[in-house]
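Let me begin by presenting the structure, written as structure tokens, before commenting on it.
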Amino acid sequence: MSDYAFKQYLTFGLGREVFALDIGKVREVLEFTDVSSLPLTPDYMTGVINIRGHAIPVVDMRSKLGMEMAGRTVDTCIIILDVLFESDVLTVGVVVDSVREVIDLSEEAIEPPPNLGNSVDASYIAGLGHQGDEFLILLNMDSVFADEEDPLRRAMGAKAA
């Protein structure tokens, strides 16, 4: 048996799809709570929540990834993440349908992102993981939010002021 390095991922569901993100990005997981909406923000921007006196922008991952919207359930959660923007780190909440578990994936259980051609931007996909018969879409959360620094900073400043 080969000696492969393992990395931990938090898995979450959006519809029937299972996604995973590097556990090192995760600060905490919260039950869904009321979100204060903000005017003049992108459709995927749900608003902001107050966590220990700090305004945290909240993004709906279904909307951000171009998926069909769904209603909230008892399993709906907000994952609080630290996302890198150039040399700065911003804290962001992402709404997901459900949080599943923390898993260990070996390097051999991860395939590189699929080649989807030039017309599709797949830079946010870090790879495809295998867990049993299930594929996990590994997300690079820094890439998911790479173009969102201005709306996120405005959302943080609007509520904190």
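Things worth noting here:
- Among the residues of this structure, V89 does not count as one that is β-branched (V, I, T), surrounded by fewer than 20 Cβ atoms within 10 Å (Cβ to Cβ) and closer than 17 Å to I137 by Cβ.
- Residues (touching an Asp or Glu at 6+ places or on another chain (Cβ under 8 Å) and not hydroxyl-bearing (S, T, Y)) located in region 50-66: V59, R62
- Once region 116-149 is narrowed to residues that are crowded, with 20+ Cβ neighbours inside 10 Å and not in a strand (DSSP E or B), the residue that is modelled with the highest pLDDT is M141.
- Number of positions in region 71-93 that are within 23 Å of R52 (Cα to Cα) and among the small types (G, A, S): 1
- Every residue from region 92-115 that is within 13 Å of the chain's Cα centre (by Cα), of a type in the set (A, V, I, L, M) and surrounded by fewer than 21 Cβ atoms within 10 Å (Cβ to Cβ): V99
- Of the residues making up region 56-76, at least one is among the hydrophobic types (A, V, I, L, M, F, W, C), modelled with pLDDT under 95, in a loop (DSSP other than H, G, I, E, B) and under 13 Å from the mean Cα position of the chain (by Cα).
- Subset of region 5-41 that is touching a Ser or Thr at 6+ places or on another chain (Cβ under 9 Å), surrounded by fewer than 13 Cβ atoms within 10 Å (Cβ to Cβ) and under 20 Å from I137 (Cα atoms) - its residue that is modelled with the lowest pLDDT: A5
- Pairing each residue of region 76-94 that is at negative phi and in contact (Cβ under 8 Å) with a residue 12 or more places away in the chain with any residue that is surrounded by fewer than 17 Cβ atoms within 10 Å (Cβ to Cβ) and basic (K, R), provided the two are 6+ apart or on different chains, yields C-beta distances under 8 Å for I80/R27; L81/R27; D82/R27; L90/R153; T91/R27.
- Selection count where residues are over 11 Å from I78 (Cα atoms), surrounded by 18 or more Cβ atoms within 10 Å (Cβ to Cβ) and aliphatic (A, V, I, L, M), scope region 42-55: 3
- Candidates are the residues of region 36-55 that are in contact (Cβ under 8 Å) with a residue 60 or more places away in the chain and part of a strand (DSSP E or B); the one that is farthest from E17 (Cα to Cα) is H54.
The values are calculated or read from the model by the stated rules, or taken from the named source; none is laboratory data. No experiment lies behind these values; they were computed from the predicted model shown. When we count neighbours, we look across all protein chains shown, and the Cβ atoms used for this are built from the backbone with ideal geometry, even at glycine.
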